[in-house]
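S.K.: Sharing a structure below in structure tokens format, with a few things to ask.
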Amino acid sequence: MRIYQTTGRIVYAILFTLLLFNASALQAHNQASLSLLERSINPGEKQKFPFLIEQTFDADYVNMPVYVAHGLQAGHRLCVTAGIHGDEINGSEIARRAFSKIDPLSLRGTVIMLPMINTTGMRNGERYMPDRRDLNRHFPGSYDGSIASIVARATFDLVTTHCDTLIDLHTGSFMRANAPQIRVTNKKPEALTLARNFGSGIIIFGDGPRGSLRREASESGLTAIIYEAAGPHVFDVETADVGVHGLLNAMSHLEMLPGDSPEIPDSQVYLRTTWERVPLGAGGYFFPEVTLGTKVRTGQRLGYLVSPMDNETTVVSASQDGIIIGMARPQIVLSGYALFHLGLEGQSGKLTEKELREQDRANALTDG
């Protein structure tokens, strides 16, 4: 009997010691509860809730969902944004799928997702805000401005207050589609490292348009990149898969997920891009003959234009060697319309400030 009692005491002592050890270890590594938008998210918890608590006429138009995963241990604070343009629904699906894969009990740090920032636009299939303004040209915004400026300010304040890293999700615009690619400034090595570890296969240098969330957040001190893929108004499963894996790759790189980081294939980095446009006076019906990701050579035929008045055909050719990173879908076009976005091969060296400005103008059509 004494043997059993002694054995029991020993087992109890061991269990009690392990319990104290685990409790002290958890206490040493646990982060505090997160206070966000008048909510409290405990360590090891996931929540979804609306941005605004109050029910007002304005709130019904602009309220957006918020996803939060708050890990047990402290680490990077990642913001993922999507749906800044209401017609770009693919990013919202990427955010939804990626969030469903996050286990807050093994997460190190915090993930905050805003998957439908222009929620009215997404419901109505419209790119712009209810005031007809482009939200992604109004950051950091102002509470004394238009509704676009107010939403921009609220979004910007949340992102810059609670996050150190930003990944903004977009698609092509206006009947154009993009190959999976990351846009990133060349002024921040940590941003380029994040872009490489995302693993989209294509990286394009550029600061982004003034007033865009990525650029303004980057200039405020965040590590920020933008993922561009597919086109507006549709869910694209293949590019969504790339986006979901990219977000998880980025989180692994930031040491937010358990285990070793996956091996990421090298990405092709393009310092310069150019657009092939509709020649003056050649507007009409546009028909592409190449696909996204196609490598092309100077003079290669890319597609053609047909005038509905006289059936005259105009061939669109590549002006330089490169790869098709973005392109317009078959549609009616006018002179000057951007048809094919080429990442230029064989370009090396550091861009001058003038070249950076020109590059930003070239990318502005599809960068957010």
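A short reminder: the numbers here are calculations on the coordinates, not readings from a lab. All of these numbers come straight from a predicted model, not from anything done at the bench. We place every Cβ from the backbone using ideal geometry, glycine too, and count neighbours over all the protein chains shown.
S.K.: For the chain, what's the relative contact order in percent, using C-alpha pairs closer than 8 Å and at least 6 residues apart?
M.R.: Relative CO of the chain lands at 14 percent.
S.K.: Can you compute the charge dipole magnitude of the chain about its Cα centre, using +1 on each Lys and Arg Cβ and -1 on each Asp and Glu Cβ, nothing else charged? Give it in debye, rounded to the nearest 20.
M.R.: Here the size comes out at about 680 debye.
S.K.: Just need the relative contact order of segment 273-346 here, percent rounded to a whole number, with Cα pairs under 8 Å and 6+ apart.
M.R.: About 43 percent, as a whole number.
S.K.: Just subtract the alpha-carbon distance of D260 and E289 from 0.36 nm times their residue separation and send over the number in nm, one decimal.
M.R.: Residue separation times 0.36 nm, minus the Cα-Cα distance, leaves 6.2 nm.
S.K.: Find the percent of Cα-Cα distances in segment 283-343 that exceed 15 Å, and round it to a whole number.
M.R.: Here the tail beyond 15 Å accounts for 45 percent of pairs.
S.K.: Take the alpha-carbon centre of segment 76-147, take the same for segment 231-261, and report the distance between them in whole Å.
M.R.: Answer, in whole Å: 16.
S.K.: Now a separate question. State the extension gain, in nm to one decimal, for the chain segment bounded by L344 and R123, taking 0.36 nm per residue of separation less the distance between their alpha-carbons.
M.R.: That pair, L344 and R123, stretches by 75.8 nm at full extension.
S.K.: Where both residues lie in segment 31-268, what percent of DSSP beta bridges are antiparallel, nearest 5?
M.R.: 45
S.K.: On a 0 to 90 degree scale, rounded to 10, what angle separates helix 2-29 from the longest Cα axis of the chain?
M.R.: Value to nearest ten degrees: 40.
S.K.: Quick check: the angle from helix 147-162's long axis to the longest principal axis of the chain, C-alpha only, nearest 10 degrees?
M.R.: 40
S.K.: 7 Å from Cα along Cα→Cβ at both V306 and Q47: what's the point-to-point distance in nm?
M.R.: Using points 7 Å along Cα→Cβ, the separation is 5.8 nm.
S.K.: Computed FRET efficiency, Cβ-Cβ of D157 and Q331, R0 41 Å: what is it to the nearest 0.05?
M.R.: 0.60
S.K.: Mind checking the angle between helix 90-100 and the chain's longest principal axis? C-alpha axes, 0 to 90 degrees, to the nearest 10.
M.R.: 10
S.K.: One quarter of the convex hull surface, Cα atoms only: what value does that give for the chain in nm²?
M.R.: So the Cα hull casts an average projection of 23.6 nm².
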